[in-house]
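Taking it in order: structure first as structure tokens, then the write-up.
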Amino acid sequence: MNFLAHIYLSFDDTDITIGNFIADGIRGNKYKHLPHRIQQGILLHRAIDTFTDAHKIPKMSSKRLHKNYSHYSRVIVDIFYDHFLAKNWSVYSDVPLELFVDNFYDSLEEYYHFLPDSTKHMMPYMIADNWLLNYSNMEGIAKVLTGMNRRTQNKSKMNFAILDLEEHYDDFEEEFTQFFEELVIFSKQKYNSLKPDKNQL
């Protein structure tokens, strides 16, 4: 899953959210210096990714793209799924997306000293262009895909995937909706298992 989904699946727990968000920038066990709950957020992120990678529905979405984008198809699906989460945000949250995103950006500022260098480098661009809010529209997704293509030195051709999204929009949305329902249940169970025992508080 991509940024917005990982943030959402942290269940309004700020420390968990930060860990869940920065996890892709953390290799192996290079997180032991971080506060315990941020560490748990990293582990939650990895559990979400493992669940997603093994699930048949994202594989189905990815298969539709594989001919044109090879191993980049899974990355593209993650971006597509964030689009559908943002587009249908009111189904999943009572907090308006704009407010949710602004609160997250405030958390990034507050926890800046815990962020890995890769996140610190990305953060100004994310906030300036408001990536998370703009996932909700096709223009925003097109910009994300174009930026990702540049990062691959134009090898991935991911910028053309917006055409695949337009062509198979209803199929991708249906697959997201079915999968995300299961992912929320899994993630909530995993999150609850990470909570400290009351005797330890």
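The values are calculated or read from the model by the stated rules, or taken from the named source; none is laboratory data. The model shown is predicted, which means the values in this text are computed figures rather than measured ones. Ligands, DNA and RNA are stripped out before the accessible areas are found, and what is left, the full protein with its side chains, is counted by its heavy atoms. Shrake-Rupley method; radii C 1.70, N 1.55, O 1.52, S 1.80 Å.
Summary table
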read-out: Å² per residue, accessible surface of the chain at 1.4 Å; value: 53 Å²
read-out: Proportion of all alpha-carbon pairs of segment 125-201 beyond 22 Å (%); value: 49 percent
read-out: The chain: angle of helix 169-194 to the longest principal axis, Cα-based, in degrees nearest 10; value: 10 degrees
read-out: For the chain, built as a Gaussian network whose Cα springs stay under 10 Å, the top-fluctuating residue of VAL184, VAL91, VAL144; value: VAL91
read-out: Semi-axis lengths (Å, descending) of the ellipsoid that matches the C-alpha gyration tensor of the chain; value: 27, 19, 17
read-out: Out-of-range pairs (alpha-carbon distance over 30 Å; input LYS120/LYS155; LYS63/LYS188; LYS63/LYS143; LYS59/LYS157; LYS143/LYS190); value: LYS143/LYS190
read-out: The chain: calculated mean residue ellipticity at 222 nm from DSSP helix runs of at least 4, using -39500 (n - 2.57); value: -22000 deg cm²/dmol
read-out: Viscosity 0.692 mPa s, temperature 37 °C, Stokes-Einstein D of segment 130-173 from Kirkwood C-alpha radius, µm²/s; value: 304 µm²/s
read-out: Nearest 10 degrees, 0 to 90: helix 97-110 Cα axis against the chain principal axis; value: 50 degrees
read-out: Helix axis angle, 117-128 relative to the chain longest principal axis, alpha carbon, degrees; value: 60 degrees
read-out: Accessible surface of the chain, 1.4 Å probe, proportion on carbon and sulfur as whole %; value: 51 percent
read-out: Part-to-part distance (alpha-carbon centres) for segment 7-78 and segment 104-122, which is given in Å; value: 17 Å
read-out: Most mobile listed residue (ALA128, ALA86, ALA54) in the chain, GNM with C-alpha springs under 10 Å; value: ALA128
